Amino acid sequence: MTLQIGCHECKNPSGGCKTFTTKAKAREHYKKKHGMNLPAGIRGAKAAVKEGDAFRCPSCTATFANLEDQEKHLSIHLSQDEESGASDPELDVIMVQPNIHVQDVQVTSMEQKGRDYNEAIIYPCNIIDRESSQHAQTIKLIDAMELVPFSLIGQAQGIEHSALAHPHVIDNAAGDKYTIRKMMLPKKRRHDDNDDCAHAWTYPRDVQSLLAMSPYTFVLQHRRYIELTAELCDLANFDWRFHEHSKYVVAQLFAGGILFQSDTHEAILMNTIEAYGRGKTLDAHREPSGIVKGVPIHSSLPPPIGCRYKDVWPTIINSKDGKKLVIGTQTCNMLVTSSLRLDNKDQTRSRPCLGASAVNFDLETKSTSMATMIFLDFESVIMAQKLARDVTAVGTSKIAYLHQLRQLNSKFDDASTYFLTRCSGPLTRSIKHQPLTVFTLADHGNTTNAGAALMNMIGTAVLKFGKSAKVDKADVTRLTSMATGEIKVNLTNILKLFGNDEEITVLHNRALADNLANLTKLLHPAIAEANKTVALNIEQTLCSKI
């Protein structure tokens, strides 16, 4: 007797059903078509066929007279399968949720805590960076002169400054610019040569001295900084692939922060950060890895031991373009593209450094990296935490999207080229304080650069239309007629790509990308020249006391 292997779910009006030549094919049909995961039976088992049976079970040796009996029987296999813990493999996959849990960071500022008696004397004497023995001597001298500290409160911004005067001078003083009041201070401490002044600042003594003695001290003392914590280290290490908005979080977190070398007391302000993912399938512009001439390429990946901060590592990467100052995490690295030395009184040595090459800060050895402390601008921390809670975020802010594109020179056919992972700190939030890129050069100055104008169009098109972004032949024709020299030659080559078409796509267009890469090289001199103006704007703003 020939038995059929049928599907009770696929019956037809005439009483027949869909049949299969093997049990395996029947089980595959049940799984794909009906979502029923039937177990395989014992190979080689013989069926005890009863008279009148017409159907065979796809899983075991049982046979049935009709499809209704088969349906009842298969329910036994399905219930056994559930009890055994077996299930559709797809149901066992753990789905990573994009949400990021954020723990609020609390910090107490210097202004909130106030200064104690000793600090109120040391500050107006401008000796914060001196030894504690000199602090004690100065305090003794001020006491002998019967001077007392008092506060000057700025009416415009409420900033507190300390000064010294005789008590009767304070009582009689008055002015339009400041409200003068006596300081309610605790009882004076007994002084000796080994007495060490307590500091109400939340910073270490060396950092406090830096903020007080820097040529940019007025601006810095209006900011609040917090040292990188374990919780913030975790925030900087979320997987970009599964937490897509984390790439904006990390760029915002470090923007405007300070790197401070505790051994040399050198420090820089990180005005602008560009974040890059790790892995070529995630970011086409990832940090290089591999071996060259038998030697592993130097990486910004945090070492397994010896890190000052968990999974965060500041270092210098040597590249063909020069030394690059980066902060590496396990999931990305952040390139500092605008920085400012804070520790030099000579302002000619404290000029802003713009571009990928870092010439104003050295972290080439492991010991210097380990000695480097990281302080984050508290405002940037709050903004980063806000971004972390917003899984719908598509950039670091809703202001000036083109300025959030990184300065890149190739792979303009790849979607990752258009990641909005460039962020500037609170002091350089204005676009006039941000380094120019191939995408933003067209908006700078009064002259028209046809090559820069095309790159501006490219960036805008991708951010507006994504995979559907296109370039119009009419626009390239117009720009070509305006161009001169090598840029005109390059635009002419791009124009040939259109053929008889009126538009071409941007993404996955290798021929266009190669021509754009050549074009960006021609824009480098103009970008460098424009960045001189940006540097002057930064210097002028940060030196201002208005």
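The values are calculated or read from the model by the stated rules, or taken from the named source; none is laboratory data. Bear in mind the structure is a predicted one, so any value in this text is a computation, not a measurement. Counting neighbours? That spans all protein chains shown, and the Cβs are built from the backbone with ideal geometry, glycine included. Surface accessibility is based on the protein's heavy atoms, side chains included, excluding ligands, DNA and RNA. Shrake-Rupley method; radii C 1.70, N 1.55, O 1.52, S 1.80 Å.
Figures for the structure shown
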item: Qualifying positions in region 243-264 - hydroxyl-bearing (Ser, Thr, Tyr) and either in a loop (DSSP other than H, G, I, E, B) or modelled with pLDDT under 95 (or both); result: SER262, THR264
item: Scan of region 494-546 for residues that are of a type in the set (Val, Ile, Thr), buried (at least 16 other Cβ atoms within 10 Å of the Cβ) and in a helix (DSSP H, G or I), ordered by number; result: ILE494, THR520, ILE527, VAL534, ILE538, THR541
item: Residues (of a type in the set (A, V, I, L, M), more than 18 Å from ASP69 (Cα to Cα) and at pLDDT below 85) located in region 1-35; result: MET1
item: Per-region count, region 525-538, residues under 29 Å from ILE504 (Cβ atoms) and within 25 Å of the chain's Cα centre (by Cα); result: 1
item: Selection from region 413-425 of residues that are open to solvent by less than 20 Å² (accessible area, probe 1.4 Å) and either part of a helix (DSSP H, G or I) or over 27 Å from PHE378 (Cα atoms) (or both); result: SER416, THR417, TYR418
item: Residue, farthest from VAL219 (Cα to Cα), within region 265-323, restricted to residues that are open to solvent by less than 20 Å² (accessible area, probe 1.4 Å) and not in a strand (DSSP E or B); result: ALA284
item: Yes/no for LEU454 being assigned to a helix (DSSP H, G or I), open to solvent by less than 10 Å² (accessible area, probe 1.4 Å) and touching a residue at least 12 places away in the same chain (Cβ under 8 Å); result: yes
item: Residue match in region 80-88 (condition: modelled with pLDDT under 80, among the hydroxyl-bearing types (Ser, Thr, Tyr), open to solvent by 50 Å² or more (accessible area, probe 1.4 Å) and part of a loop (DSSP other than H, G, I, E, B)); result: yes
item: Filter result for LYS488 (modelled with pLDDT of 95 or more and over 31 Å from the mean Cα position of the chain (by Cα)); result: yes
item: Residue within region 228-242 that is assigned to a loop (DSSP other than H, G, I, E, B), modelled with pLDDT under 95 and touching a helix residue (DSSP H, G or I) at 6+ places or on another chain (Cβ under 7 Å) present; result: no
item: Residue that is farthest from VAL476 (Cα to Cα) [pool: residues in region 427-451 that are hydroxyl-bearing (Ser, Thr, Tyr) and open to solvent by 10 Å² or more (accessible area, probe 1.4 Å)]; result: SER430
item: Near pairs, Cβ below 7 angstrom, 6+ apart or cross-chain, from region 359-375 (touching a residue at least 24 places away in the same chain (Cβ under 8 Å) and part of a loop (DSSP other than H, G, I, E, B)) to any residue that is open to solvent by 20 Å² or more (accessible area, probe 1.4 Å) and of a type outside the set (Gly, Ala, Ser); result: ASN360/ARG341; PHE361/GLU266; ASP362/THR368; ALA371/ASP263
item: Region 338-360, residues that are open to solvent by less than 10 Å² (accessible area, probe 1.4 Å) and modelled with pLDDT of 75 or more; result: SER338, SER339, LEU340, LEU342
item: Qualifying positions in region 453-477 - closer than 28 Å to LYS432 by Cβ and over 26 Å from the mean Cα position of the chain (by Cα); result: ALA453, LEU454, ASP475
item: Condition check for ALA120: open to solvent by less than 40 Å² (accessible area, probe 1.4 Å), at pLDDT 65 or above and closer than 22 Å to SER214 by Cα; result: yes
